[in-house]
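Quick notes on the structure that follows.
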Amino acid sequence: MIVAMSRYDPSAFPPFAVTVDLVVLTVREHALCALLVRRGESPFQGYWALPGGFVRPDEGLAEAASRELAEETGLRAHSAPGPDPSAVGAHLEQLATYGHPQRDPRMRVVSVAHLVLAPDLPTPQPGGDASSARWAPVGDLLGPTPVEGVPLAFDHGRILADGVERARSKIEYSSLATAFCPPEFTVGELRQVYEAVWGVVLDPRNFHRKVTGTPGFLLPTGGTTTRQGGRPAQLFKAGGATVLNPPMLRPES
């Protein structure tokens, strides 16, 4: 039954807030790492947490996530407008919604989490109510002993695990692994991304054959580099394919 607006009483419903939390992943020193901030205010003061914040009344979810991303990392989402079109961008996508009634002790808070993937990023600078920020290896965060022996604040451990699994799954059938790479990269650098995200060691020759033989995955730039040492390696950039056929199947652990 539709109730007339004149009979609608907003005070009849308990208030609640909406936040965006960001699972920001990058590959640093051959390891998949996540961005953490140390909370400077209660609740969970002093705990490590995922970056994020409350959605403002005048902004949408994607806009809020892009704003928080810029504030926390200085990155611009690929789809977000900015004054410098050449600035380093990041892949941003909605991950999942988390709404357990007791997930935040302050009030009812629903979090719409987003996954962010970007190339090797510099040391983060804390923003907002964060007292410090750091990159932490995902293997340590999702292991039996949490960072510094203390779980992440709120339900951020679960959100992080979901984000990591999303990334691991999507690079099987999409070209998303290139989001971890600079604009021009070698096959060896792309292989290091797959190895870091999946936590495996891949055969270099088989990997090279697969990625260069997948239509639309990579495009040669015509250049070479010696930044990995040894002989000059051919440089590639991301091709136009969004879906990989055949897919890059994850090895069984």
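The values are calculated or read from the model by the stated rules, or taken from the named source; none is laboratory data. Keep in mind that what you see is a predicted model, and the values were worked out from it rather than measured. For neighbour counting, all protein chains shown are included, and Cβ atoms are generated from backbone atoms with ideal geometry for every residue, glycine included.
Hey, can you tell me all the residues within the stretch 37-76 that are small (Gly, Ala, Ser), buried (at least 19 other Cβ atoms within 10 Å of the Cβ) and assigned to a helix (DSSP H, G or I)?
Across the stretch 37-76, the qualifying residues are 64, 65, 66.
With the checklist (1) surrounded by fewer than 19 Cβ atoms within 10 Å (Cβ to Cβ); (2) at pLDDT 95 or above; (3) of a type outside the set (Asp, Glu) in hand, flag the one item residue 251 doesn't pass.
Looking at each condition in turn, residue 251 falls short on (2).
Consider residue 229 carefully, then state whether it is assigned to a loop (DSSP other than H, G, I, E, B), assigned by TED's automatic domain parsing to the domain that holds residue 187 and free of Cβ contacts under 8 Å to residues at least 40 places away in the same chain.
When the stated conditions are applied, residue 229 passes them.
Restricting attention to the stretch 77-94, does a residue exist that is surrounded by 13 or more Cβ atoms within 10 Å (Cβ to Cβ), over 15 Å from residue 159 (Cβ atoms), in contact with a helix residue (DSSP H, G or I) (Cβ under 7 Å, 6 or more places away or on another chain) and modelled with pLDDT under 85?
Yes, the stretch 77-94 contains at least one residue that is surrounded by 13 or more Cβ atoms within 10 Å (Cβ to Cβ), over 15 Å from residue 159 (Cβ atoms), in contact with a helix residue (DSSP H, G or I) (Cβ under 7 Å, 6 or more places away or on another chain) and modelled with pLDDT under 85.
Is it the case that residue 138 is modelled with pLDDT of 75 or more and among the hydrophobic types (A, V, I, L, M, F, W, C)?
Yes; evaluated as a whole, the condition is true for this residue.
Any residue at all in the stretch 182-190 that's under 21 Å from residue 28 (Cβ atoms), outside any helix (DSSP H, G or I), out of contact with any helix residue (DSSP H, G or I) (no Cβ under 6 Å at 6 or more places or on another chain) and modelled with pLDDT under 95?
yes
Here are 124, 144, 105: which of them is farther than 21 Å from residue 55 by Cα, in the same structural domain as residue 42 (by TED's automatic domain parsing), surrounded by fewer than 18 Cβ atoms within 10 Å (Cβ to Cβ) and at pLDDT below 90?
144
Per-residue answers, yes or no, for (1) within 30 Å of residue 201 (Cα to Cα); (2) free of Cβ contacts under 8 Å to residues at least 24 places away in the same chain; (3) not β-branched (Val, Ile, Thr):
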{"residue": "9", "(1), (2), (3)": "no, yes, yes"}
{"residue": "12", "(1), (2), (3)": "no, yes, yes"}
{"residue": "50", "(1), (2), (3)": "yes, no, yes"}
{"residue": "56", "(1), (2), (3)": "no, yes, yes"}
{"residue": "61", "(1), (2), (3)": "no, no, yes"}
{"residue": "69", "(1), (2), (3)": "no, no, yes"}
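If you take the residues in the stretch 90-121 that are over 23 Å from residue 31 (Cα atoms) and among the β-branched types (Val, Ile, Thr), which one is nearest to the chain's Cα centre (by Cα)?
112
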